[in-house]
Each structure stands twice: as C-alpha cells, then as structure tokens.
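Heads up, the thing below is written out as structure tokens.
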Amino acid sequence: MDSLRSTLLIFILLVALFCPVLPVLGTSGIALAGNEVMIIELDGPINPGTAIYVVRGLEKAKDQGVALAIIRLDTPGGLASSMRSIIKAILNSPVPVVVYVGPRGAGAASAGVMITVAGHIAAMANGTNIGAAHPVSMGGKDIGGTMSEKVVNDMAAYARGIAEDKGRNGEWVEKAIRESVSITADEAHAKNVVDLVVKDMDDLLKGLDGREVNMPSGKITLKTTDLKKVHFKPGFRDKILKTISDPNIAYILMMIGLAGLYFEFSHPGAIFPGVIGAISLILAFFSFQTLPV
C-alpha cells in the first residue's frame with residue numbers, strides 16, 4: 001500500500017511538471033495592456049526549462065496585447081534546441097521583442113549571441129560583452145572530426161541568416177561561431193551587431209522611443225516613454241524545470257535512475273525503486289536533449 005501511495009504521489013508531481021494546461025503559479029493576476037512593456041528575465045544557461053518560460057512569456061505578451069516585450073539576457077550559452085525554440089518565438093512574435101543584454105557585468109555568450117541578434121531590436125548595457133559562440137559537445141568538449149564541420153557550418157549559416165535578415169553584421173556573427181571571437185558592448189554597436197548601448201533599463205526605454213521596427217505586419221514606430229513595466233515572473237513549474245535542466249542535476253538524476261532500475265531488476269516486486277528510477281531517467285533525458293553551444 002505504501003508503495004502504491006508513493007507511486008501515485010510521484011505520478012501527480014510528474015503531471016504537475018509537464019502538463020501545459022495546469023495553472024502556473026506566479027503569473028496569475030497580471031492584467032496587461034497596450035500601455036505596458038513585459039520584461040522577461042533570462043538568466044543562466046539556455047535549457048528546456050528557460051526556453052519554455054521565455055516562449056510562454058512571449059505568448060502571454062501576444063495574448064494580452066502589450067506594446068513591447070523585453071528579454072533581459074545574461075547567459076553563458078546552452079542547448080541548441082532550446083535556443084532555436086526561443087529564436088523561433090521571437091521571429092514569429094506579433095509583439096516587438098527587444099533583446100537586452102544587461103545589467104552591467106552581464107554577457108551574451110554562445111547561444112546568447114544568436115538570441116540577441118534575433119531580436120527586433122538588440123541592445124546591450126555598458127560593461128557587457130557578446131560572442132564566443134563556437135559549438136561544443138555536452139560537457140564543454142570539442143566535437144571534432146566531420147561532425148564538428150557539419151555542426152559549425154549549419155550553426156554559422158543559421159546565425160548569419162538571422163542577423164542579415166535583421167540588418168545586422170552577419171559576417172561578425174559567423175566569425176563568433178567559427179572563431180569564438182568576443183567583443184564589448186561599444187564594439188558590438190560600432191560593428192552593427194546591436195542597435196544601441198544603454199546605461200540601464202530606464203535608459204533603454206528612452207532610447208527605444210521613436211525607433212522604427214520591421215514587423216510581419218509592416219513598420220511600426222515605438223512609443224516607450226510612458227510604458228508601465230510589468231515583469232513576467234517564472235512560476236513554480238518554471239523553477240523546477242530550470243533546476244532539473246542543469247547538467248549537474250541531470251547527471252545526478254541519471255545516476256539515481258540507473259541505480260533505481262538496477263535495484264528493481266535485482267529485487268523484482270519492490271516497485272518503488274523502479275518507479276523512482278524510471279522517473280529520474282525521464283527527467284534526465286529531458287535535460288539531455290541536444291547539443292549545447
């Protein structure tokens with residue numbers, strides 16, 4: 001009976017993590033309108049958890065008709081599949097999306113380079129940097145061989161295409177992937193990698209006012225001086241997914257999963273170790289989705 005109750009509890013927790021129709025704590029009660037700007041905070045590695053959070057934030061911005069969405073970015077990089085999910089959401093957003101590398105001391109490395117140049121407007125704070133986007137394998141090791149050439153060529157073409165579509169310096173973006181070059185905010189502005197360099201979020205909103213943005217529906221002029229800032233906070237599920245997407249946590253889950261299955265096969269009928277092992281492996285595989293860049 002105890003094993004059955006434990007199994008049921010674990011099943012409920014798993015559904016709570018992955019069922020998209022369940023309400024998410026931390027986002028209820030937000031009434032957004034066209035006189036507001038939604039700020040989405042993207043800190044740390046780009047992984048499935050952070051991708052779900054950002055994509056959901058942009059969907060919320062669209063549904064509520066906000067005037068502008070800002071992704072405040074500070075990342076060392078992450079998974080290519082998660083990066084592509086975020087970029088796809090940005091490129092197809094009917095709401096103008098500003099990718100802002102900040103605050104001071106922040107950086108947009110690796111996958112962060114491509115997310116930055118995908119924004120309808122790309123901005124950086126003083127004292128930030130961008131670059132070093134050469135793809136690596138899980139664990140940070142070089143890929144090597146023919147596979148490395150294929151991955152680098154694919155990523156370079158993908159990133160350059162996005163940058164040039166936004167009127168930015170695709171040549172430098174490709175160089176960041178092939179040669180891992182990195183530059184400061186002022187250098188990025190001078191090289192036409194980003195559109196403006198600002199002191200902080202308030203300075204960003206001032207700098208955006210009156211700028212024209214090319215959207216699928218046509219050109220629009222931003223009016224940002226009187227916008228109210230609303231933060232799209234991660235809910236409980238977002239925090240859990242972000243935690244288990246950490247590579248270190250993923251490896252621990254993998255070990256727990258293998259140990260649980262081994263114990264189940266060694267002692268048939270125990271049930272609980274097998275259930276724990278299976279769920280741990282599922283969560284681990286959620287993290288081990290694809291190539292980090």
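Select the helices (runs of 4 or more DSSP H) contained entirely in the range 1-91, then report the ones holding at least 2 residues which are at pLDDT 95 or above.
Details: elements: 2-18, 48-64, 80-91.
So the answer is 48-64, 80-91.
Determine which member of the set Ser245, Ser217, Ser266, Ser280 is modelled with pLDDT under 95, within 30 Å of Ala156 (Cβ to Cβ) and hydroxyl-bearing (Ser, Thr, Tyr).
That would be Ser245, the only listed residue that is modelled with pLDDT under 95, within 30 Å of Ala156 (Cβ to Cβ) and hydroxyl-bearing (Ser, Thr, Tyr).
When only residues in the range 177-227 that are touching a strand residue (DSSP E or B) at 6+ places or on another chain (Cβ under 8 Å) and of a type in the set (Ser, Thr, Tyr) count, which is farthest from Gly65 (Cα to Cα)?
Restricting to residues being touching a strand residue (DSSP E or B) at 6+ places or on another chain (Cβ under 8 Å) and of a type in the set (Ser, Thr, Tyr), the top hit is Ser180.
If I ask for residues that are closer than 20 Å to Leu205 by Cβ, assigned to a loop (DSSP other than H, G, I, E, B) and hydroxyl-bearing (Ser, Thr, Tyr), which ones from the range 92-111 would you list?
Ser93
Touching a residue at least 40 places away in the same chain (Cβ under 8 Å), surrounded by fewer than 15 Cβ atoms within 10 Å (Cβ to Cβ), within 17 Å of Pro103 (Cα to Cα) and not β-branched (Val, Ile, Thr), is that true of Asp200?
For Asp200, the condition - touching a residue at least 40 places away in the same chain (Cβ under 8 Å), surrounded by fewer than 15 Cβ atoms within 10 Å (Cβ to Cβ), within 17 Å of Pro103 (Cα to Cα) and not β-branched (Val, Ile, Thr) - is met.
Scan Leu208, Leu227, Leu241 and give me the residue that is in contact (Cβ under 8 Å) with a residue 60 or more places away in the chain and under 15 Å from Ile121 (Cα atoms).
Answer to the check: Leu208.
Just wondering, is there one or more residues in the range 228-241 that are within 20 Å of Ser82 (Cα to Cα), assigned to a loop (DSSP other than H, G, I, E, B), in contact with a strand residue (DSSP E or B) (Cβ under 9 Å, 6 or more places away or on another chain) and modelled with pLDDT under 85?
So far as the range 228-241 goes, no, none of its residues is within 20 Å of Ser82 (Cα to Cα), assigned to a loop (DSSP other than H, G, I, E, B), in contact with a strand residue (DSSP E or B) (Cβ under 9 Å, 6 or more places away or on another chain) and modelled with pLDDT under 85.
What's the number of the only condition in (1) under 29 Å from Ala89 (Cβ atoms); (2) crowded, with 20+ Cβ neighbours inside 10 Å; (3) out of contact with any Phe, Trp or Tyr (no Cβ under 6 Å at 6 or more places or on another chain) that Pro234 fails to meet?
Condition not satisfied by Pro234: (3).
State whether one or more residues within the range 199-218 are under 22 Å from the mean Cα position of the chain (by Cα) and part of a loop (DSSP other than H, G, I, E, B).
Yes, that holds for at least one residue.
The values are calculated or read from the model by the stated rules, or taken from the named source; none is laboratory data. Note that the structure is predicted; figures quoted are calculated from it, not measured. No Cβ is skipped: glycine too gets one built from the backbone with ideal geometry, and neighbour counts run over all protein chains shown.
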